[in-house]
1. Taking other Cβ within 10 Å of each residue's Cβ, how do Lys170, Lys8, Lys27 sort, fewest first?
2. What angle, in degrees between 0 and 90 and rounded to the nearest 10, separates the Cα long axis of helix 20-31 from the longest principal axis of the Cα atoms of the chain?
3. Quick check on the chain: helices-only [θ] at 222 nm, where DSSP H runs of length 4 and up contribute -39,500 (n - 2.57) each and the sum goes over total residues. Nearest 500, please.
4. If the reach is capped at under 17 angstrom between alpha carbons, list the lysines near Lys162, excluding any in the same chain fewer than eight residues apart.
5. If you plug each phi of region 101-108 into the Karplus form 6.51 cos²θ - 1.76 cosθ + 1.60 with θ = phi - 60°, what whole-Hz ³J(HN,Hα) values come out, in order, with x for Gly and Pro?
6. Using the alpha-carbon atoms, what tilt in degrees (0 to 90, nearest 10) does helix 156-176 show relative to the longest principal axis of the chain?
7. On C-alpha positions alone, give me the angle between the axis of helix 218-229 and the longest principal axis of the chain, in degrees, nearest 10.
8. Would you mind computing the Rg to Rh ratio of the chain from its alpha-carbon coordinates, Kirkwood style for Rh?
Amino acid sequence: MNTTKSLKEKVAFVQGGSRGIGAAIVKRLVSEGAAVAFTYRSSPDEAQKLVEQMAAAGSNVIAIRADSADPEALSQAIRQTVEHFGKLDILVNNAGVLPWGPLEDITLAEIDLALAVNIRGVIIASQEAVRHMSDGGRIINIGSINADRIPVAGGAVYAMTKASLVGFTKGLARDLGPRGITVNNVQPGPVDTDMNPANGEAASQLTQLMALGRYGKDEEVASFVAYLVGPEAGFITGASLSIDGGFSA
Ligand code: NDP
């Protein structure tokens, strides 16, 4: 039996890993042998629980409280990760917020937060990470299928923030290609999390729009991310890749 773990001796930083898709990514990268640092803002209990769960399984995981809307805190979290683990191979920009509703009802504070977390946080984390990242490293942005298809009203600002990651991913792939660092944008369709529960208000309408007729699971997105950051995906870069149950079919 081949038991070699694909991410043995790799160090990953997951921005926003306390809950949902981010937590599933932390668990999956750990199961592939990586040491992982993740950030959180509002969920210290969930973050602590995840660290304890991973430690009980003998894994090397740390949680750092850092608001992705605060550039200095975010950069410092990456520097702390490098100091703690000695290097950085993988960055996953997962933290995100979902402003939702008629445009005229969305507040300036909600707009600023969405721009700060969904866009600026991705730029800042990438900027700091590439100062430390090993050649051959990996950057994953967690975008959204709503960058391509937004078949219900209320998500204009969210879709705009996620669409911006398509261009950033292409540009950064060009910048980092010479170092063998790949940059990709994973675009999930509806996935059952606190942000978009499968039993929530919008769920029955969204489910009807999907070829598979069901929400995705956070671990399905995590498994796709694990492939993209692994050694077999070294020729994929600058791509925006859907994992959406046929939402855009
Ligand atoms: P959740 O709301 O369930 O979890 C969000 C995670 O991001 C939490 O760990 C949260 O940490 C963290 N986070 C949010 N804001 C900040 C911040 N300012 N600073 C640090 N961490 C922060 O969301 P999902 O898991 O559903 O979403 C994860 C990503 O996937 C997002 O980028 C989202 O846009 C994207 N996505 C989700 C889809 C879905 O249907 N669920 C579909 C397509 C894309 P804490 O609680 O500690 O603040």
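Quick note: the coordinates plus some simple rules give every number you see, no bench work behind them. Just so we're clear, the structure is a prediction, and the values are computed from it rather than from any experiment. All Cβ positions, glycine included, derive from the backbone under ideal geometry; neighbour counts span all protein chains shown.
1. Numbers: Lys170 15, Lys8 10, Lys27 22.
Going from sparsest to densest Cβ surroundings: Lys8, Lys170, Lys27.
2. Compared with the principal axis, the helix lies near 20 degrees.
3. Values: 8 runs with 98 residues, N = 249.
Helix contribution divided over all residues of the chain: -12500 deg cm²/dmol.
4. Lys170
5. x, x, 3, 5, 9, 7, 7, 4
6. 30 degrees
7. 50 degrees
8. 0.95
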